[in-house]
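**Student:** Dropping a structure here in C-alpha cells format, bear with me for questions.
The values are calculated or read from the model by the stated rules, or taken from the named source; none is laboratory data. Since we're looking at a predicted model, the values are computed, not measured. Quick reminder, even Gly has a Cβ in these numbers, built from the backbone with ideal geometry, and neighbours come from all protein chains shown.
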Amino acid sequence: MKHAYPVLLSALLFAGTAALPRQAGAQPTIDQGNFAPSPGESFVLNASAWMDPGPSGANVTWNFSGLVIDSAFTYAYVDPASTPMTDSFPTATLAIAEGSGYAYRSFDATGGYYLGYHIDPDWVVDYQDPEMTFQFPCTYGTQWVDDLFADYGHPSWFYAGSINAEADGYGTLILPYGTFTNVLRLHLTRSYTLETPWPEDQFYEDDIYYYLRPGTHYPVVEVYSNSAGEEGSFPTVTTGVRWLSDPFAGIQGAVASANTLVAVAQGDGLVRLDLSLNAGGAATIDVIDAAGRIVAQDRLGLGAGASSHTLAVSALRPGLYTVRMLLNDQQMTTRLVMP
C-alpha cells in the first residue's frame, strides 16, 4: 500500500533538547529573538540541484556561488487563529498553508517545535511528542537528540522516530548574489517510521544542513537529502538545495515599517522610485537580477517624508528584478517588473 509523504517534514522544521556544548562561548548564536519568524512574514526561496555541503569546523568558508535556479516558491506564515483547525494546535504561534491544509509550529525561548498539520477538511495529524528541530540558544558545538511521535489520525497509524542535530560549523557563506559572514551551520538527521496496520510500513531518513544567520528569520541555505520507502522496497531519494532569493529577507534592523519603497517601470528605460521615509540620509540603490547580480546602481541624498525619484535602467531586459536600498546602514527591498 502506498502512503503519502508527510506534509512539510522535509521542509523547514525547528526545535531541540539537551545541548552538549563542544566549545563554550563560540559565535554566532541563534536564539528566539534573532531567528524566530512571526505571522505576516514570507520568504521567496530558490530551488537548485544538490551541491556538496562543504566541511565542518570553525571559520569555514562555504562556497555556493555556482547555484543555478531551477524554480522558486514562497513560504508565508500566518496567524494560527486565522486557520480552520487552530483549536487542534493551541500552542501554535505560526501556521503555513500547504496544499489543502496548514502545518503548525511554535517558538519560545527554548526553541522551535513542529506540532503537526491538517489536511482539509478534517484530517488532523497532531504530534503528542512534537518535533524539536531547534534549540535556543544554539551555537557552534551545540548538540541534541529528540524523539518524535504523532498520531496520524487513523487507528494504528502513527509516526515514531528521532532527531539528531549538531551545530557543526560557523564561518562565511558565499552565494551568487553576495557573501554572508557570521553564519552558523546546523546538521540535522531525522529517522522515523509511519506505522500502519498493513505489512509495508513507511520508512524515512532525512539528512539536512541549515545555514543560519542571526537576524535572518529563515535559513539562508538548506542542503537536503530525503529518503522514503516501504518495507522490502528500494527507497526513493530526493536531493537539492533551497536558498533565499532575497539576500535581505527577514533581516532584523531593516528600515522601520513606517518606511515604504515602491519601484514602477515607466518605459524608455526609466524606473520611478516612490519613497516614504521616517528619516533621511545618503542612500545607495541597487537593481539585482534573478541571478543575484547588481545590474544597475545609483546614489541619492534623501530627505524624510514622501518623494519620488527616477532611476535610469535602459540596459535591463524584460523580467523580474529586486530593487534594494541601503539607507543609514539599513536595507529595504521591493520587486520590479520590467515589461
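**Student:** Select from the stretch 117-145 the residues that are of a type in the set (D, E, K, R) and either in contact with a Lys or Arg (Cβ under 7 Å, 6 or more places away or on another chain) or surrounded by fewer than 23 Cβ atoms within 10 Å (Cβ to Cβ) (or both) and write down the one among them that is farthest from Phe35 (Cα to Cα).
**Tutor:** Residues of the stretch 117-145 of a type in the set (D, E, K, R): 120, 122, 126, 129, 131.
Filter again for either in contact with a Lys or Arg (Cβ under 7 Å, 6 or more places away or on another chain) or surrounded by fewer than 23 Cβ atoms within 10 Å (Cβ to Cβ) (or both), leaving 120, 122, 126, 129.
Details: Asp120: 30, Asp122: 32, Asp126: 25, Asp129: 23 Å.
Residue satisfying both the conditions and the ranking: Asp122.
**Student:** With respect to Thr238, is the statement that it is among the β-branched types (Val, Ile, Thr), at pLDDT 80 or above and under 27 Å from the mean Cα position of the chain (by Cα) true? So that I can check it myself, show each step before the final result.
**Tutor:** Numbers: among the β-branched types (Val, Ile, Thr): yes; at pLDDT 80 or above: yes; under 27 Å from the mean Cα position of the chain (by Cα): yes.
Spelling it out, Thr238 is indeed among the β-branched types (Val, Ile, Thr), at pLDDT 80 or above and under 27 Å from the mean Cα position of the chain (by Cα).
**Student:** With the structure loaded, tell me whether Gly171 is assigned to a loop (DSSP other than H, G, I, E, B), at positive phi and not hydroxyl-bearing (Ser, Thr, Tyr) or whether it fails that test.
**Tutor:** On the way: assigned to a loop (DSSP other than H, G, I, E, B): no; at positive phi: yes; not hydroxyl-bearing (Ser, Thr, Tyr): yes.
Against the criterion (assigned to a loop (DSSP other than H, G, I, E, B), at positive phi and not hydroxyl-bearing (Ser, Thr, Tyr)), Gly171 does not qualify.
**Student:** When the residues of the stretch 108-142 are filtered to those that are among the β-branched types (Val, Ile, Thr) and touching a His at 6+ places or on another chain (Cβ under 9 Å), which remaining residue is farthest from Leu186 (Cα to Cα)?
**Tutor:** First, the residues of the stretch 108-142 that are among the β-branched types (Val, Ile, Thr): 110, 119, 124-125, 133, 139, 142.
Keeping just the survivors that are touching a His at 6+ places or on another chain (Cβ under 9 Å) gives 124-125.
Numbers: Val124: 30, Val125: 27 Å.
The residue in question is Val124.
**Student:** For the stretch 265-280, what are the residues that are free of Cβ contacts under 8 Å to residues at least 60 places away in the same chain and buried (at least 17 other Cβ atoms within 10 Å of the Cβ)?
**Tutor:** Residues satisfying the conditions are Leu273, Leu275, Leu277.
**Student:** Looking at Tyr114, is it in contact with a Lys or Arg (Cβ under 9 Å, 6 or more places away or on another chain), within 24 Å of Ser42 (Cβ to Cβ), among the aromatic types (Phe, Trp, Tyr) and buried (at least 17 other Cβ atoms within 10 Å of the Cβ)? Give the steps one after another, and end with the answer.
**Tutor:** Working: in contact with a Lys or Arg (Cβ under 9 Å, 6 or more places away or on another chain): yes; within 24 Å of Ser42 (Cβ to Cβ): yes; among the aromatic types (Phe, Trp, Tyr): yes; buried (at least 17 other Cβ atoms within 10 Å of the Cβ): yes.
Spelling it out, Tyr114 is indeed in contact with a Lys or Arg (Cβ under 9 Å, 6 or more places away or on another chain), within 24 Å of Ser42 (Cβ to Cβ), among the aromatic types (Phe, Trp, Tyr) and buried (at least 17 other Cβ atoms within 10 Å of the Cβ).
**Student:** Determine, yes or no, whether Ala290 is part of a loop (DSSP other than H, G, I, E, B), more than 31 Å from the chain's Cα centre (by Cα), aliphatic (A, V, I, L, M) and not assigned by TED's automatic domain parsing to the domain that holds Leu175. Spell out how you get there, then give the answer.
**Tutor:** Details: part of a loop (DSSP other than H, G, I, E, B): yes; more than 31 Å from the chain's Cα centre (by Cα): no; aliphatic (A, V, I, L, M): yes; not assigned by TED's automatic domain parsing to the domain that holds Leu175: yes.
The answer is no for Ala290.
**Student:** So, one more: Test of understanding: among Leu148, Leu188, which residue is in a strand (DSSP E or B), in contact with a Ser or Thr (Cβ under 9 Å, 6 or more places away or on another chain) and under 19 Å from Ser56 (Cα atoms)? First the steps, then the outcome.
**Tutor:** Values: Leu148 fails: under 19 Å from Ser56 (Cα atoms).
Answer to the selection: Leu188.
**Student:** Can you pull out every residue in the stretch 241-270 that is touching a Phe, Trp or Tyr at 6+ places or on another chain (Cβ under 9 Å) and modelled with pLDDT of 75 or more?
**Tutor:** If the condition is that a residue be touching a Phe, Trp or Tyr at 6+ places or on another chain (Cβ under 9 Å) and modelled with pLDDT of 75 or more, then Val241, Arg242, Trp243, Leu244, Ser245, Ala263 are the ones that fit.
**Student:** Go through (1) free of Cβ contacts under 8 Å to residues at least 60 places away in the same chain; (2) in a loop (DSSP other than H, G, I, E, B) one by one and return the number of the condition Asp207 breaks.
**Tutor:** Condition not satisfied by Asp207: (2).
**Student:** So which strands (runs of 3 or more DSSP E) are wholly in the stretch 1-100 and hold at least 3 residues that are at pLDDT below 90? Talk me through it step by step, then tell me what you get.
**Tutor:** Numbers: elements: 42-48, 57-63, 71-78, 94-98.
In the stretch 1-100, the matching strands (runs of 3 or more DSSP E) lie at 42-48, 71-78, 94-98.
Okay, residues lined up against (1) among the basic types (Lys, Arg); (2) surrounded by fewer than 21 Cβ atoms within 10 Å (Cβ to Cβ):
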position	(1), (2)
Ala165	no, no
Gly169	no, no
Arg185	yes, no
Trp198	no, yes
Pro219	no, no
Val237	no, yes
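**Student:** With respect to Ala283, determine if the residue is of a type in the set (Gly, Ala, Ser), surrounded by 15 or more Cβ atoms within 10 Å (Cβ to Cβ), under 26 Å from Glu41 (Cα atoms) and not assigned by TED's automatic domain parsing to the domain that holds Ser42.
**Tutor:** Details: of a type in the set (Gly, Ala, Ser): yes; surrounded by 15 or more Cβ atoms within 10 Å (Cβ to Cβ): yes; under 26 Å from Glu41 (Cα atoms): yes; not assigned by TED's automatic domain parsing to the domain that holds Ser42: yes.
Criteria met by Ala283.
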